[in-house]
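S.K.: Here it is: the structure, laid out below.
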Amino acid sequence: MAVKTIDLIVGARPNFVKVAPVYRALQQLGPGVALRLVHTGQHYDVNMSDSFFEQLNIPAPDVSLGVGSGEHGAQTAAIMAAYEASLLQARPALVLVFGDVNSTLACSLTAVKQNVRAGHVEAGLRSFDRTMPEEINRVVTDHVCDLLFTPSPDGDENLRREGIAPEKIHRVGNVMIDTLVAAQPLIERSTITTTLGLRRRHFGVLTLHRPSTVDHNGSLTEMLETLATISQRIPLVFPVHPRTRRRLAEGPHAAIVERMPHVHFLDPLPYGDFLRLVSDSTFVLTDSGGIQEETTYLGVPCLTARANTERPITVSEGTNVLVGTEPAAIVEAVGEVLDGKAPAKRVPALWDGRAAERIAHVIAQELGCG
Ligand code: UD1
């Protein structure tokens, strides 16, 4: 029997967290399947990329496209051109893409245009906000892929509503939670909370990197003033994404940052340290997607500083509250958490550490192997 190759595509930080369990589960399919890990190079800093490979035991990429940063069109096109050459050489039986970043869109499109089947892990999520680059990536990726692996029932419903054939949809659960479950020993070993001089349940964790939050001077200034107010009540830890770091260094922001002694500004953290801080925190304030899921699993209150979420199950069946971006609303929401008024811990169905196994099972059937 001929060996079938599966390409697993990663590019940006959240992809690394999602690929780790899927790679391991597909390895179990035996010698009939060969895996090729392709890193587009969308993220390239050690602390945005390499540290995740090391901590999550992901093997070194078989192919590094080294595409790097760029505007949307340029970056997406560069990934497509570089990946197409590699795909034509390897002729995989299946290409698996993850999440909603530019690498996800670029490589799924490249695969199907060369008549190679493609699967999307984390399919069906919708914020219904087309100003988010990720929303465009989600919609296009789902509409070109053949296998759609959804984390929750809302994903299935969105896909069906868009006319996608039900037989393409496989609800498997959440692979980010697989990683979180498997990484508990790593997280427990981290000493970052005490190293920073913080007390368990006496600090908040902050992440902000979306263009809509950090790329407009007015909204970033307002957010910083809001954080300054909050940090007078409770210390904050802020691992800063490179996009945000650049913006914070600019004129008006740098001066405000100087006046925030109770906010710990850090470089992006390795996975174990970050999840340790989240686990130990009183609340998380974020504009990220994946962190809404991790806090739900951990039972940590999550305040999402956005007008919408593509992960509504974290609100209906988790600890997430959409607080928007108005300063008064954010300060009030933090006050409620500090007063003990936060949603109780609940974990959505199939967020159980075994989503990748289910994905591997579906793929084995599709490829007639394993
Ligand atoms: C990307 C994803 C976003 C995801 C985020 C996680 C898209 C459209 N966006 O956003 O969905 O939530 O990753 O982090 O795919 N940079 C570095 N070092 C790096 C990578 C980036 O300094 O290793 C800087 C560059 O200046 C770059 C900027 O960060 O221009 C933005 O990087 P980019 O990959 O374009 O988007 P993210 O904001 O990271």
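Read the figures in this text as sums done on the coordinates, not as results from a lab. What you are looking at is a predicted structure, and each value in this text was computed from that prediction instead of being measured. Note that each Cβ is placed from the backbone with ideal geometry, even for glycine, and that neighbours are counted across all protein chains shown.
S.K.: Which residues, counting only those in region 301-334, are in contact (Cβ under 8 Å) with a residue 60 or more places away in the chain and either surrounded by 18 or more Cβ atoms within 10 Å (Cβ to Cβ) or part of a helix (DSSP H, G or I) (or both)? Steps first, answer last, please.
M.R.: First, the residues of region 301-334 that are in contact (Cβ under 8 Å) with a residue 60 or more places away in the chain: 305-313, 325, 327, 330-331, 334.
ALA305, ARG306, THR309, GLU310, ARG311, PRO312, ILE313, PRO327, ILE330, VAL331, VAL334, listed by residue number.
S.K.: Considering region 229-254 alone, what residues qualify as being surrounded by fewer than 19 Cβ atoms within 10 Å (Cβ to Cβ) and farther than 29 Å from TYR44 by Cα?
M.R.: The answer is THR229, GLN232, ARG233, ILE234.
S.K.: Let me confirm something: among GLY30, GLY99, which residue is within 14 Å of the ligand (Cβ to nearest atom) and either within 30 Å of GLN184 (Cβ to Cβ) or free of Cβ contacts under 8 Å to residues at least 40 places away in the same chain (or both)?
M.R.: Working: GLY30 fails: within 14 Å of the ligand (Cβ to nearest atom).
Just a single option satisfies the conditions, and that option is GLY99.
S.K.: Out of all the residues in region 45-79, which are near the ligand (Cβ under 8 Å from one of its atoms) and crowded, with 18+ Cβ neighbours inside 10 Å?
M.R.: SER49, GLN75
S.K.: Something else: Would you mind telling me which numbered condition in (1) surrounded by 23 or more Cβ atoms within 10 Å (Cβ to Cβ); (2) in contact with a helix residue (DSSP H, G or I) (Cβ under 7 Å, 6 or more places away or on another chain) LEU94 fails?
M.R.: Among (1) surrounded by 23 or more Cβ atoms within 10 Å (Cβ to Cβ); (2) in contact with a helix residue (DSSP H, G or I) (Cβ under 7 Å, 6 or more places away or on another chain), LEU94 violates only (1).
S.K.: For ALA118, indicate whether it is away from the ligand (no atom under 16 Å from the Cβ), over 22 Å from LEU350 (Cβ atoms), touching a residue at least 60 places away in the same chain (Cβ under 8 Å) and over 18 Å from the mean Cα position of the chain (by Cα).
M.R.: Numbers: away from the ligand (no atom under 16 Å from the Cβ): yes; over 22 Å from LEU350 (Cβ atoms): yes; touching a residue at least 60 places away in the same chain (Cβ under 8 Å): no; over 18 Å from the mean Cα position of the chain (by Cα): yes.
For ALA118, the condition - away from the ligand (no atom under 16 Å from the Cβ), over 22 Å from LEU350 (Cβ atoms), touching a residue at least 60 places away in the same chain (Cβ under 8 Å) and over 18 Å from the mean Cα position of the chain (by Cα) - is not met.
S.K.: If you don't mind, another one. Select from region 274-289 the residues that are within 16 Å of the ligand (Cβ to nearest atom) and of a type in the set (S, T, N, Q) and write down the one among them that is farthest from the chain's Cα centre (by Cα).
M.R.: THR286
S.K.: Sort out which residues of region 110-133 are in contact with a strand residue (DSSP E or B) (Cβ under 7 Å, 6 or more places away or on another chain) and part of a helix (DSSP H, G or I), and write them in order of number. Step through it out loud before you land on a result.
M.R.: Step one: of region 110-133, the residues in contact with a strand residue (DSSP E or B) (Cβ under 7 Å, 6 or more places away or on another chain) are 111-112, 116-124.
Once the filter is applied, which keeps residues that are in contact with a strand residue (DSSP E or B) (Cβ under 7 Å, 6 or more places away or on another chain) and part of a helix (DSSP H, G or I), region 110-133 yields ALA111, VAL112.
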